[in-house]
Each structure stands twice: as structure tokens, then as C-alpha cells.
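Undergrad: Before I ask anything, let me first share the structure, which is written out below as C-alpha cells.
The values are calculated or read from the model by the stated rules, or taken from the named source; none is laboratory data. Keep in mind the model is a prediction, meaning the values are calculated, not measured. Positions of Cβ are backbone-derived with ideal geometry, glycine not excepted, and every protein chain shown enters the neighbour counts.
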Amino acid sequence: MCLEEIGFIKRRIDLARLFQPEDNQEARHTMSYALDTRSADDEAKKVKVRRRLHLLPYMLALPIVLYEVLFLVYPIVQGFIGSFQRIELASRQPPVWVGFSNYQRMLSDPEFWKVMRVTLTFTLLVIFVAVGAGLLTAVLFNRPFKFRGIARAAMMLPWSFPEVPVVMIFLWILSPQFGVVNIFARMLPGVNENPQWLLVPWLAMAWVVLIASWKAFPFYSLVILAALQSVPQELYEAAEVDGANRFQLFWHITIPSIRTTLELLVVLASIFSFKQFTIIYLLTGGGPSGATETIVMRIYNTAFRFYDYSYATALGVAGFIVSLIITAFFIGLQSRRAQEVA
Amino acid sequence: MNNALSQRAHQKSPVALVRHVVSRVLLYATIALVSIITIFPIYWMLVSTFQPSKYTLHYPPPLIPQEIIFNQFSDLFGNYPIARWLTNSLLIATMSMLLCLSLTVLGAYALSNLRWKGRSLFGMFLLVTQMLPEILIVIPLYIIYQRLNLTDRLSTLSLINVAFSLPICIWILKGVFDTVPGEVLDAAVVDGCTEWTALWRIVLPLAAPGLVAVAVVSFFSAWNEFLFAVIMLSSAELQPASVGLTTLKATGFTPVEQYMAAGLVFSILPVVFYLMMQRYIISGLTAGAVKG
């Protein structure tokens, strides 16, 4: 997940520039050419350079576009085609066309709707917990206090860990026999024995959400912190003079000032949590009895546990449509934000 | 806001002073609580690594380590093929990094310093490709590769990893290339440099830290990657560490200190480099696009 997060920070700035109608650099280019018209010799040289200028970007972008088409677009198209077929990989027989039967099966399958409900629950909970924790820590760590630098650096640690060791840590912490979390749980009234953390449906869902959020929130916190630092200090001072209290300051100044950032983060969090595979797969595998089986887990289980590739590709198309909708939201927000910047 | 508060506190009103002290205490208590909750899982990983399992395999385990040992690392490397796992990860990550780095330079230059029709379309294309869940690609890709007999190769895995890290890397390097002043490029072109040679002579030397950042991101995204590795590689000799580690079980056969040591060995490099990167990203954020 870290990857997308880093890219996102850059993109927030970059997209704003990309969408600006005015092309400053081009203006500068033309200017320098206009200033430099002395001899016919120079003129000929310039034309040559210009022609190369026009071809070069396409030649640079072409290998990348081809690469992504080969490894991403082509498989998706193949998957779309495959969802209308029956695929038997083991027997190496050519696929058979079966029309919409995979989709009919999907839409009439109560399991499918359960998977969609679990996906929605998981995604919404992670958005709420991770962005909420990000906001809380950003507001806290924006106030001056001793050791703030150390505290901020320590907070970034969960974000920097790879997902596999994160799950290893938590499987150990949640062990019903020796898990350290039991010490704290037993302090609660009514808990007299170590709970089976990952075998009780609602507890399993709670832990999957908590772990995914624990890993993700430092990134949201960092982005919100940057947004908080750009809120003009005079706004707070003016409101304080008018007698506003802490809560009013937060609600009427902080939140509106960082609203666009928060909206973007919510959409991003929905993309990241919708994509989440490794943590769920290693922690619960979708269990117990499907309580944490999101659509991504369902696709995996259908293809690689039940070897039903054609049905899995049909589920994949459903997942693709959902992720396209979220992405459309993201791009819409980005361009609105770009317009505000410009 | 806080300056105003503390100034008022100094103006010798006892009520304000008490309120100031209370709010400070509350602030520090909240910060301490939040930090402890955030750090505790990592603290527990370290405790479980360096403390003999006779303490941790006991309920309730002591929260403060009672004894420190170091032989778990040699035991780990002796009992499990972790050296081979790490070598495989290293190979996959290095191949991914080299390929990603060379393609990223081209893409970032086109996206940042050159003006052309279709540039924002190109940017949008990169954006959409990285939003797609990996699972959607992996099934058709697995079917295609099965038919072509391309599964179970480290190089295949690197190629797939690059497809997913390339868009993000291009966006990162584009941000760095943007800070190269347009005037410098214009001057180079007027002096007879082509835009192609300007990339190598002017833009790249100025963007050295950005190249390091891209190398780190592409290397460790392949190092950390799990889904493609678990599906595309079936033979045990080719397993990278991200897959190999999941065969260890804390409450089964692997002694706890070795289990957690394995996690630590695997995480140490990505954690160090991502944290280094993060400082770089923040300074990039706060400095913005400073033009020379």
C-alpha cells in the first residue's frame, strides 16, 4: 500500500498543475524561440529541433503505454472475455462459450450479495477508523509539545512495515493461548477467559479492520498534517478574540479548511481498502464462515481454492466495475481540487 | 493559538494558569496514550524476538523483557531456508528496480518537461492503471501464463511487479523533474542540445535524489509483494521471503523468537528506507516546487 500513498502525495500537487489550462512552459519555449531569430542557419536548426521535440514525447511514452497494455489492459480484456466462457485449465481444453450463465449464477447467488455486504462493511469501517485516527493524530501532533519530532517519526512506523510481517505480529498478539492482547482484554468486566479472536465473526471483522487501519492511518495523518499547516493562523486568532472555544474552532475553522483533503482521503481509503488482500488472506482467509470474505477474497477463493476460473473472472468484472466507480469519484475530486488551486 | 494561550497564562490570573496546566496535562496524556497504542505491536515484536520463549510462551507473558538472547538469528538461518528466500526476494526486487527505473525516467521526462498533445491523457492513463485491484489482473494473467508456460519464473514475477510500480514511480519522479527550471532546459536547447541529450546531461544529474526515491520504491514494492508471488511461483526453491515467512507458525512448530526474528529480518530494510524516503517526501511537500 505504501507505494500508492507516496505516489498520491506527489499527485496531489502534480494533478493540480496538469489540469491548469495555461501552459507556462510552452509559453516560455515560444518566447525563447522568438527571441532567437538571427540567421537563416539558426532558423533551419530550430525547425529540426522542433520536429524532434514533437516526436520525442510519444517515443518516450510509447514503451510505457505498451507495457501497461500488455500487463494490465490485455489481461483485463481477457478476463472480460473469459467471463462468458467455461475455462478448464487442468484438462487444457479450449474454452467453451456459455453466454451470460456466469453472470446469471452470480446475481442469483445469495452468497454473492453477502460478499458485497461484507465488502461494503469492511471498506466503510476502514475509511472511518483509518481516516478518523489520521485526523485525531494530525490534530494532536500539530500542537507544539516536547519530543514532537520523535513522536511523529514513531507514528510513521506502522506505515513503513510490509504487510506480511504485520500479519505475523498480529497473529502472535492475538493467539488465544499466549497472545499479549488477552492481558488487556481480561481487564474488561465480563471477560473471564481468552477470547477466540479470529474465530468469532464480529471479532474477526473488527481485527481485520483495526489491523488494516493501523497500517494505513499514518499516511492519512501525514497528509492531513500538511493540510493543517497551511490553514492561516489568523483565522484562529480572530475567532479566539470573538470568544470561540476549542471545539468551535475545530468545527468551524479546521474542518472546513481541510475539507477537500479529507474528501480525497476518504475516496483514496476506499480504493486502498477495497483492494486489500494480503492482510485478510493471511489473517482469516475470509473466515470464519465468510465473515471477512470481501469480493477480493472471494475472487481468490473461487479461482485458487475451487479452481472455478470462469466464475472468478465474472466476479472480477463485478469488482472491476466497483473500482472504476470509485476511481471516477477520485478523478472528479482531483479535477475539482485542481480548479480550486488554479 | 497556543502562543496566545501561554501568554494569557503568564498574565498571573490563577484560573487561567490552572486551565493552562490542566490542558497541557490532558494533551500529554492523550499523546502518550495514542503513541503507546500505535507502537505497542512493534514493541511486542521486538520483545518476542529478543526474549527467550520460556517467558513469552507463558500466560500472562511479562510486559517488560526479562532476559535478552541473540542466538535466535543463527537458529533461524540454520533451521529454515530463509537465506534462499531472501536471495530470491533480492533477485526479484533488483530486476524489478532496474527495469522500473529505466522506464520511469522516460515516462517522467515526457510527463514533466515536454509539452505534447495527449500528455494529460497519458497522466490519466497512469492514474487509472494504478487504481485497479491486483486480484483482477492476476486470474487472467495466471491463465495466460499457464498456457504459455511462463509461470514459476522469477523474471516473470519481476515483469508483473513493474507493471504495478511503474505508474507511481513515474508520478514521483515527475514531481522531482518539475523542479528543474524550464529556463535551464530552454537554454540547453538553444545551445544545440536536443531534448534527448538534455535529459541525460541536465535533468537527470539534477534529479539524483528523485532517482534514489524511485529505486527505493520500486525495489521494496517488489520485496514486499505477496499476491503475485504466491500465485505465480509454485516451486519451493523459487519462493521469495514474503511467501516463505507465511509458512512459519508462531504457535505451531516455529519457536516464537525465531518466528518474530524472521519478521524482523524481512522488515528491517524496507522500514529503514521507507522512513528515509518519508523525510524526503515531507520536505518535497513543504518546500513545494521551488523554482531557481
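Undergrad: Hey, among the residues in region B:237-258 that are without any contact (Cβ under 8 Å) to a residue 60 or more places away in the chain and of a type outside the set (Val, Ile, Thr), which one's farthest from the other protein chains (Cβ to nearest Cβ)?
TA: My answer is B:253.
Undergrad: Pick out, from region A:191-310, the helices (runs of 4 or more DSSP H) lying fully within it that include 3 or more residues that are among the β-branched types (Val, Ile, Thr), surrounded by fewer than 22 Cβ atoms within 10 Å (Cβ to Cβ) and modelled with pLDDT under 90.
TA: A:259-275
Undergrad: Right, residue A:164: aliphatic (A, V, I, L, M), part of a helix (DSSP H, G or I) and facing another protein chain (nearest Cβ under 9 Å) or not?
TA: So residue A:164 fits the description; yes.
Undergrad: Under the condition of being part of a loop (DSSP other than H, G, I, E, B) and either aliphatic (A, V, I, L, M) or in contact (Cβ under 8 Å) with a residue 12 or more places away in the chain (or both), which residue from region A:167-190 is farthest from residue A:288 (Cα to Cα)?
TA: Here the answer is A:187.
Undergrad: Taking the residues in region A:55-90 that are touching a helix residue (DSSP H, G or I) at 6+ places or on another chain (Cβ under 9 Å) and among the β-branched types (Val, Ile, Thr) as candidates, determine which candidate is nearest to the other protein chains (Cβ to nearest Cβ).
TA: A:64
Undergrad: Let me ask another. Against the condition over 17 Å from the mean Cα position of the chain (by Cα), within 20 Å of residue B:267 (Cβ to Cβ) and without any contact (Cβ under 8 Å) to a residue 40 or more places away in the chain, how does residue B:197 come out, does it pass?
TA: Answer is no for this residue.
Undergrad: Still on this structure: Mind listing just one residue for me: the one in region B:108-118 that is of a type in the set (Gly, Ala, Ser) and either more than 21 Å from the chain's Cα centre (by Cα) or surrounded by fewer than 19 Cβ atoms within 10 Å (Cβ to Cβ) (or both) and, of those, nearest to the other protein chains (Cβ to nearest Cβ)?
TA: B:110
Here is a yes/no grid of residues against (1) under 30 Å from residue B:249 (Cβ atoms); (2) assigned by TED's automatic domain parsing to the domain that holds residue B:214; (3) in contact (Cβ under 8 Å) with a residue 12 or more places away in the chain:
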{"position": "B:14", "(1), (2), (3)": "no, no, no"}
{"position": "B:36", "(1), (2), (3)": "yes, no, no"}
{"position": "B:40", "(1), (2), (3)": "yes, no, no"}
{"position": "B:48", "(1), (2), (3)": "yes, no, yes"}
{"position": "B:82", "(1), (2), (3)": "yes, yes, yes"}
{"position": "B:93", "(1), (2), (3)": "yes, yes, yes"}
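Undergrad: Related question: Quick one: which of B:160, B:139, B:168, B:135 is without any contact (Cβ under 8 Å) to a residue 60 or more places away in the chain and within 21 Å of residue A:296 (Cα to Cα)?
TA: Unique residue meeting the criteria: B:139.
Undergrad: Turning to a different aspect of this structure: In this structure, is residue A:175 of a type in the set (Ser, Thr, Tyr) and within 17 Å of the chain's Cα centre (by Cα)?
TA: So residue A:175 fails the test.
Undergrad: Hey, which of the helices (runs of 4 or more DSSP H) in region B:119-202, taking only ones fully inside, have at least 3 residues that are buried (at least 17 other Cβ atoms within 10 Å of the Cβ) and among the aromatic types (Phe, Trp, Tyr)?
TA: B:154-177
Undergrad: Take residue A:108 and tell me if it is crowded, with 20+ Cβ neighbours inside 10 Å, hydroxyl-bearing (Ser, Thr, Tyr) and either without any contact (Cβ under 8 Å) to a residue 40 or more places away in the chain or out of contact with any Pro (no Cβ under 7 Å at 6 or more places or on another chain) (or both).
TA: no
Undergrad: What is the one condition in (1) within 7 Å of chain B (Cβ to nearest Cβ); (2) at pLDDT below 90 that residue A:173 does not satisfy?
TA: Tallying (1) within 7 Å of chain B (Cβ to nearest Cβ); (2) at pLDDT below 90, residue A:173 fails exactly one: (2).
Undergrad: While we're on this one: Looking at this structure, is residue B:163 in contact with a helix residue (DSSP H, G or I) (Cβ under 7 Å, 6 or more places away or on another chain), modelled with pLDDT of 85 or more and either at the interface with another protein chain (Cβ under 7 Å from one of its Cβ atoms) or within 20 Å of residue B:213 (Cβ to Cβ) (or both)?
TA: It is true that residue B:163 is in contact with a helix residue (DSSP H, G or I) (Cβ under 7 Å, 6 or more places away or on another chain), modelled with pLDDT of 85 or more and either at the interface with another protein chain (Cβ under 7 Å from one of its Cβ atoms) or within 20 Å of residue B:213 (Cβ to Cβ) (or both).
Undergrad: While we're on this one: Among the candidates A:280, A:321, A:253, A:299, single out the residue that is farther than 24 Å from residue A:140 by Cβ and in contact with a Leu (Cβ under 9 Å, 6 or more places away or on another chain).
TA: A:299
Undergrad: In region B:77-97, is there at least one residue being of a type in the set (A, V, I, L, M), under 20 Å from the mean Cα position of the chain (by Cα) and within 9 Å of chain A (Cβ to nearest Cβ)?
TA: Within region B:77-97 (the criterion being of a type in the set (A, V, I, L, M), under 20 Å from the mean Cα position of the chain (by Cα) and within 9 Å of chain A (Cβ to nearest Cβ)), the answer is no, since none of the residues qualifies.
Undergrad: How about region B:263-278: which of its residues are in contact (Cβ under 8 Å) with a residue 40 or more places away in the chain and farther than 15 Å from residue B:48 by Cα?
TA: Listed by number, the residues that qualify are B:266, B:269, B:270, B:273, B:274, B:276, B:277.
Undergrad: Follow-up question, since we're still on this one. Considering region B:203-230 alone, what residues qualify as being farther than 14 Å from residue A:160 by Cα, surrounded by 24 or more Cβ atoms within 10 Å (Cβ to Cβ) and either free of Cβ contacts under 8 Å to residues at least 12 places away in the same chain or polar (S, T, N, Q) (or both)?
TA: B:218
Undergrad: Just the residues that are closer than 15 Å to residue B:95 by Cβ and among the small types (Gly, Ala, Ser), please, taken from region B:192-242.
TA: If the condition is that a residue be closer than 15 Å to residue B:95 by Cβ and among the small types (Gly, Ala, Ser), then B:215, B:218, B:221, B:222, B:229 are the ones that fit.
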